[in-house]
Amino acid sequence: MRVVLISGASGGLGSRLASGFDAAGYRVVLHYFRSEDAARRLGGRLGNAPYLLRGDLRDFEEVRRMAQSVERDVKRLDVLVNNAAVTRDAPLLRYPESAWDDVLETNLKGVFNSIRHFTPLMVESGGGHIINISSYSGLRGKEGQAAYSASKAALLGLTRSLAREFSRYGINVNAVVPGYLPIGMGPGAPRAMEGARRASIRGSLAVPDDVVGFMLWLAGTEGITGQVFPLESRH
């Protein structure tokens, strides 16, 4: 059975991805940090022996231990979805250093830590696919989101570099830009949702099932790597 690890799996997109991969026959490793109750409820809805994995992605040694746990208990890894992220929005001239560090350490260093420690198991499993979740803020920037935009833009360079580096191991590396989704934190920001809807060519928000379906398809491809896939068309 193929295995996928989804970071931040208890959140809006993460939980949808977990359900989609589970329905497609994957065993899902559900990473979470603070939302244990949500992760356990999600795991209870999945059918292919989900594996719950708690840890702080910002901590290099803790992620090493997480990878050792997956290698010991699950024994393989085929797909790594780097989904976990945070944002702390504020104008840059009033931006606290602690908020900047938190966003960059979670959204960028956390991805580095995950790839650094989980990729060896993927190599042992015969190759696989790394999918980094970026954002339109990383493509175009957004007022009040300097840290978040910087972290998500950095993932694009990381994706392209690692696609070249990991091709020798049979590992594809791509980035997906899902667009603004009406799930998770989205409904709590109605003005941002309306702005995203107006900016869309179709005049609508991204569709969660479409995002999940695309990522399932992408995870199953063999010859696509080093690409960035925006899934919501913008003017």
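Points to keep in mind about this one:
- Beta carbons closer than 6 Å, at least 6 apart along the sequence or on distinct chains, pair a first residue in the range 74-85 that is touching a residue at least 24 places away in the same chain (Cβ under 8 Å) and basic (K, R) with a second that is surrounded by fewer than 24 Cβ atoms within 10 Å (Cβ to Cβ) and in a strand (DSSP E or B) for R76/V3.
- Residue count for the range 1-34 satisfying the condition of being free of Cβ contacts under 8 Å to residues at least 60 places away in the same chain, more than 16 Å from the chain's Cα centre (by Cα) and not in a helix (DSSP H, G or I): 5.
- Single residue of L42, L30, L93 found to be at pLDDT 95 or above and closer than 23 Å to V173 by Cβ: L30
- Some residue of the range 140-155 being among the small types (G, A, S), touching a Ser or Thr at 6+ places or on another chain (Cβ under 7 Å) and on the phi > 0 side of the Ramachandran plot: yes
- Only residues that are out of contact with any Phe, Trp or Tyr (no Cβ under 9 Å at 6 or more places or on another chain), at pLDDT 60 or above and not hydroxyl-bearing (S, T, Y) were counted across the range 184-225, and they come to 17.
- Of all residues making up the range 66-85, the number that are loosely packed, with under 15 Cβ neighbours inside 10 Å, part of a helix (DSSP H, G or I) and in contact with a helix residue (DSSP H, G or I) (Cβ under 9 Å, 6 or more places away or on another chain): 1
- The residues listed here are V74, V86, V103; of these, the one that is closer than 27 Å to L216 by Cβ and within 17 Å of the chain's Cα centre (by Cα) is V86.
The values are calculated or read from the model by the stated rules, or taken from the named source; none is laboratory data. Given the structure is predicted, the values throughout are model-derived calculations rather than measurements. Methodologically, a virtual Cβ is constructed for each residue, glycine included, from the backbone with ideal geometry; neighbour enumeration extends over all protein chains shown.
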